[in-house]
Amino acid sequence: MSRNLYVNLPVKDLERSVDFFAALGFSFNPMFTDENAAALIINDNTSVMLLAESFFATFTKKAICNAQESTEALLALSMDSRAEVDDFVARAVGAGATEEGEATDHGFMYERGFIDLDGHNWGPFWMDVSQFPAK
């Protein structure tokens, strides 16, 4: 059986976050989208649930991390090419994100990063596994 992955992220302004990710070309599953949550589709088996902070808090007894001050996760997202990585980061910055660090080129892998509107770290990357260094 294939497994699905749902990453849940707290957001301060759900509508603003939906607009941000829509500007990056993502679509949302209307079945799991309402005034409390939006299901951002990564692929057939992976979604990022953008949850209004008050709704997110109903799923945990722990304090919600302030992602503007602390890193709770690094969200690596594969792309089909270096150019797509560059374009994706440019669109993210154009939609209000902050670029994080410098581009890193390992030869077999190229990566960049940005911080979204709520402080979550995204790391779009391209990798050619056929060029991965032998061990």
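Just one of (1) surrounded by fewer than 16 Cβ atoms within 10 Å (Cβ to Cβ); (2) in contact with a helix residue (DSSP H, G or I) (Cβ under 7 Å, 6 or more places away or on another chain); (3) of a type in the set (Val, Ile, Thr) fails for Val11. It is (1).
Based on what the data block shows, is Phe88 in the same structural domain as Asn4 (by TED's automatic domain parsing), assigned to a helix (DSSP H, G or I), in contact (Cβ under 8 Å) with a residue 24 or more places away in the chain and on the phi < 0 side of the Ramachandran plot? It is false that Phe88 is in the same structural domain as Asn4 (by TED's automatic domain parsing), assigned to a helix (DSSP H, G or I), in contact (Cβ under 8 Å) with a residue 24 or more places away in the chain and on the phi < 0 side of the Ramachandran plot. Within region 94-135, which residues are β-branched (Val, Ile, Thr) and over 19 Å from Ile42 (Cα atoms)? Thr98, Thr104, Val129, listed by residue number.
Just one of the listed residues (Thr46, Thr58) is without any contact (Cβ under 8 Å) to a residue 12 or more places away in the chain and not hydrophobic (A, V, I, L, M, F, W, C), and it is Thr58.
Counting just the residues of region 53-85 that are β-branched (Val, Ile, Thr) and outside any loop (DSSP other than H, G, I, E, B), which one comes out nearest to His120 (Cα to Cα)? Spell out the reasoning first.
Start the filter on region 53-85 by keeping residues that are β-branched (Val, Ile, Thr), which leaves 58, 60, 64, 71, 85.
Then drop every residue that is not outside any loop (DSSP other than H, G, I, E, B), which leaves 58, 85.
Values: Thr58: 20, Val85: 17 Å.
Only one residue tops the list, namely Val85.
The requirement of being among the aromatic types (Phe, Trp, Tyr) and closer than 30 Å to Phe132 by Cβ is not satisfied by Phe20.
Looking across region 59-115 at every residue that is among the basic types (Lys, Arg) and over 18 Å from Phe21 (Cα atoms), the one that is modelled with the highest pLDDT is identified as Arg82.
If you go through region 90-118 and keep only what is more than 17 Å from the chain's Cα centre (by Cα) and exposed (fewer than 13 other Cβ atoms within 10 Å of the Cβ), you end up with Glu102, Thr104, Asp105, His106, Gly107.
Out of region 1-52, which residues are part of a helix (DSSP H, G or I) and more than 19 Å from Trp122 (Cα to Cα)?
Here is the first cut: in region 1-52, the ones part of a helix (DSSP H, G or I) are 14-23, 30-32.
Answer for region 1-52, where residues must be part of a helix (DSSP H, G or I) and more than 19 Å from Trp122 (Cα to Cα): Glu15, Pro30, Met31, Phe32.
The values are calculated or read from the model by the stated rules, or taken from the named source; none is laboratory data. Predicted, not measured: the structure shown is a model, and the values here were computed from it. Cβ: placed from backbone, ideal geometry, glycine included. Neighbour counts: every protein chain shown.
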